[in-house]
Amino acid sequence: MGRELGRRRPEVGRSRRSPCDHGRVSQTKSLNQRVALEVIERYLDAAPRSATDPEPAGKFTLFRPRGPWPYYARPRLGLTDSISASDVDGLRRRQRELGLPENLEWTVETTPSLLGAAAESGLKVVQYPLMILDPAARTPIRVPDGIAVRLLSREDPDFLRAHAVANVGFGVPGTAIGAEGQRERDERAATTSPAVDEFMRARARDGWSVSAAAFDETGPLAVATHQPVGTTTEVVGVATLPAARRRGLAAAVTSALVDDAYARGVRTVFLSAGSDDVARVYERIGFRRIGFAGSAEPA
C-alpha cells in the first residue's frame with residue numbers, strides 16, 4: 001500500500017500487480033480533477049530532488065541518486081508532446097549507461113501516450129489507483145484495543161524495526177492474513193545496511209520523510225510515511241505485517257500521518273494504492289480516486 005521516494009519513493013518498494021479497474025475512477029464534486037492533477041504533477045517532479053541530481057534525458061527527467069536508493073525517471077514537467085517508443089528506448093540506454101534501473105513512473109491522465117510507448121519499448125506497464133484526500137469525506141479512525149500509534153523520530157529505538165515492517169509486508173503482496181510476523185520483521189531490521197539506516201534517519205531528521213507506526217507489546221506491526229514538500233504530501237510505504245492484517249492498522253497509521261500533515265500546513269494529501277482492494281481501504285478513510293499512476297520496468 002502506497003510508495004516512497006525511489007521507485008517513486010525508496011522506503012517503499014512496490015510489487016507488480018495487475019492493472020486496476022478503470023471503471024471505478026470518478027471525479028469528486030468537491031475536488032477539481034484537473035487542478036488537483038497539476039498540483040500532484042508539480043509535487044512528483046519536486047519530491048525526488050531532495051535526494052537526487054536531476055538530469056534532462058530527452059522528454060524525461062532522470063533522477064540520479066545521491067544516496068543508497070536507486071530512483072526512476074518521469075516525463076519532464078510541463079511536457080505536452082506525445083512520447084514514442086524511441087523516446088523510451090533512448091531513456092533506457094541512458095539508464096543502463098548510469099547503471100540505474102530502467103524504471104519509469106508517471107500520471108496516466110497527464111501523459112497518456114507513455115502507456116503505449118513504454119509497452120512498445122518492451123517494459124511491463126502497470127497502473128495503480130491514484131487517490132486524493134477529500135477533507136469533507138474524511139472519517140474518524142478508531143485505533144484497535146491494545147494498539148498504540150505514534151510518529152517516529154530519527155532517535156526512536158524502534159526506528160529500524162518499524163521500517164522493516166514495510167520490507168516484510170511488501171514481500172507478501174495483498175491484504176490477506178499471512179504467517180510472516182515479528183520474527184521476519186526483526187530479521188529484516190538486523191540486516192539493514194548502515195548506509196540505508198543513515199539515509200533514512202537523515203531524511204527523518206530533515207523533515208523529508210515523516211513516519212508513523214502501530215505497536216503492540218511485541219513491537220511495530222504497521223508503518224507508513226508521508227513526504228511533505230510545501231503544501232502537498234504523498235502518503236507512501238503503508239504496510240502491515242501479514243500476521244497482523246485485517247485489524248485496521250493501515251488505516252490507523254495513515255490517519256495519524258494525515259493529522260501530522262495538516263498540522264504542518266499541508267493542503268493536498270494523495271497516494272497511489274497497490275490494488276483495487278487496497279484502494280477500498282483508503283476510500284473508507286476519505287480518499288477518492290482521481291486517476292491512475294503508471295509504472296513501467298523490464299518484465
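The numbers here are math on the coordinates, done by the rules we state, and not lab data. Values in this document were obtained by computation on a predicted structure and should not be read as measured data. Counting neighbours? That spans all protein chains shown, and the Cβs are built from the backbone with ideal geometry, glycine included.
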_Translational diffusion coefficient (Stokes-Einstein; Kirkwood radius from C-alpha pairs) of region 22-128 at 37 °C, 0.692 mPa s, in µm²/s_ = 223
*Calculate how steeply helix 33-46 sits against the longest principal axis of the alpha-carbon atoms of the chain, using the helix alpha-carbon long axis, and give the answer as 0 to 90 degrees to the nearest 10.*
90
*asked:* Counting only helical runs of four or more DSSP H residues, what would the 222 nm mean residue ellipticity of the chain come to if each run contributes -39,500 (n - 2.57) and the total is spread over all its residues?
replied: -10000 deg cm²/dmol
_If I stretch the segment between Arg267 and Arg183 completely, what's the gain in nm (0.36 nm per residue apart, minus their alpha carbon distance), one decimal?_
26.4 nm
*asked:* If you average the C-alpha positions of region 221-299 and of region 135-173 separately, how far apart do those two centres end up, in angstrom?
replied: 11
*Using 7 Å Cα-to-Cβ label points, what is the Glu120/Thr192 separation (nm, one decimal)?*
4.4
*Could you work out how far apart the two model spin labels at Thr139 and Arg96 are, taking each label as a point 7 Å from the Cα in the direction of the beta carbon, and quote it in nm?*
5.0
*If you stretched the chain out fully between Glu55 and Ala176, how much longer would it get, using 0.36 nm times the residue separation minus the C-alpha to C-alpha distance?*
39.5 nm
*Work out how far the C-alpha atoms of region 254-299 reach from end to end along every principal axis, then list the three figures in whole Å, largest first.*
41, 21, 17
*asked:* If each residue of separation counts as 0.36 nm, what is the full-extension length gain between Arg150 and Arg34 once their alpha-carbon separation is subtracted?
replied: 38.3 nm
